[in-house]
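Rule-based calculations on the coordinates, nothing more; no lab input. Please read all numbers here as calculations on a predicted model, not as lab measurements. When we count neighbours, we look across all protein chains shown, and the Cβ atoms used for this are built from the backbone with ideal geometry, even at glycine.
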Amino acid sequence: MQRSLYSHMAIREFQTRAISGARSRGTEGGGGPTPTDSQMRLILIWYGLHVMISRDDAPAPDLQAATELLRALASPVRMGIVRELADGDRRVSELVAALGVTQPLVSQHLRILRNSRIVVSHRTAREITYSLADDHVAEIVLSAIRHTQE
């Protein structure tokens, strides 16, 4: 599927450039830079190889997902938030007090953790509490902290 998309994009890009080049030279439709069949085959082969190479270089999906999880945790503030949430639900004000950072900074990091599906929010009237979506994340963070203290 991805290969056909890139091939299609390659054809469109080449045709667009060929037509715009012909218009600028006043040769549109008159044998200007319109690609021949053999040129089009070469373009498609090149783009196909490019896509196959980039596909082969791509990591396995499970490794990619693990990398995204670790990237989302790659901040002392976010690791602190996860550590605090490992003990139970917290409000933003409680996280601010526990971490000793500003409320906007905690909110910004909570947004990143929510977007990564590490943290979920629960609204009760005007109060929002945050909790971990999965306890496994807390185990990862707590193990990393313990590992650095050994």
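Brief remarks on what is shown
- Glu68-Ala133 pseudo-label distance in nm [points 7 Å out on the Cα-to-Cβ vector]: 0.9 nm
- 5 angstrom amide H check on Val119, placed H, neighbours 5+ away: Arg114, Ala133
- With neighbours defined as other Cβ atoms within 10 Å of a residue's Cβ, the residues Thr148, Thr129, Thr67 order from fewest to most as Thr148, Thr67, Thr129.
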